[in-house]
1. Within region 15-84, what whole-number % of the accessible surface is contributed by carbon and sulfur, with the 1.4 Å probe and all protein chains included in the calculation?
2. How do 37-47, 12-22 rank on mean C-beta neighbours within 10 Å, highest first?
3. Using the Karplus curve 6.51 cos²θ - 1.76 cosθ + 1.60 with θ = phi - 60°, work out ³J(HN,Hα) for each residue of region 67-78 in order, rounded to whole Hz, and write x for Gly and Pro.
4. What does the charge dipole of the chain about its Cα centre add up to, to the nearest 20 debye, if the Cβ of each Lys and Arg holds +1 and the Cβ of each Asp and Glu holds -1?
5. Give the label of the value calculated from the structure for Rg/Rh (Cα atoms, Kirkwood Rh), choosing from (1) 1.13; (2) 0.92; (3) 1.04.
6. How many Å² of accessible area per residue for the chain, probe 1.4 Å?
Amino acid sequence: MNDASALAAVRAFQEAGRAERCAVVGQNAEPDARTELRQPKTPLVASVGYFPERYGDALIRLALDILSGKAVPPAVFIKHQVITRENVDHFYPNDALSPTSPSY
């Protein structure tokens, strides 16, 4: 459902002694999930990053095109990304700088 639910599932699997036999995927690539992805042997294998911080630029460009009478596509999409332990530092290199970031 979302990263909070995924992290709850991770903890439940760990407490049940089943973490090594499970795989969990979350949504939103929230800071807590990114921290968990960096942990060894976590059943959290990925989270989908939606990058809402990128929506504004695309919306402004679309609005300006509409206002200037340009042809616009019937749908505009923001590229989402599957965030894994292999690429989390690439997409979120500044996590360690956050004052609320737990050390990992």
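1. About 58 percent, which is the carbon plus sulfur part of the accessible surface.
2. 37-47, 12-22
3. Rounded to whole hertz, the list is 5, 8, x, 6, 6, 10, x, x, 8, 10, 10, 9.
4. In total the dipole reaches around 220 debye.
5. It is the value labelled (1).
6. 69 Å²
The values are calculated or read from the model by the stated rules, or taken from the named source; none is laboratory data. As the structure is a computational prediction, the values presented were derived from the model and not from experiment. Note: ideal-geometry Cβ built from the backbone for every residue, glycine included; neighbour counts use all protein chains shown. Just the protein is used for accessible areas: all its heavy atoms, side chains included, with ligands, DNA and RNA removed. Shrake-Rupley method; radii C 1.70, N 1.55, O 1.52, S 1.80 Å.
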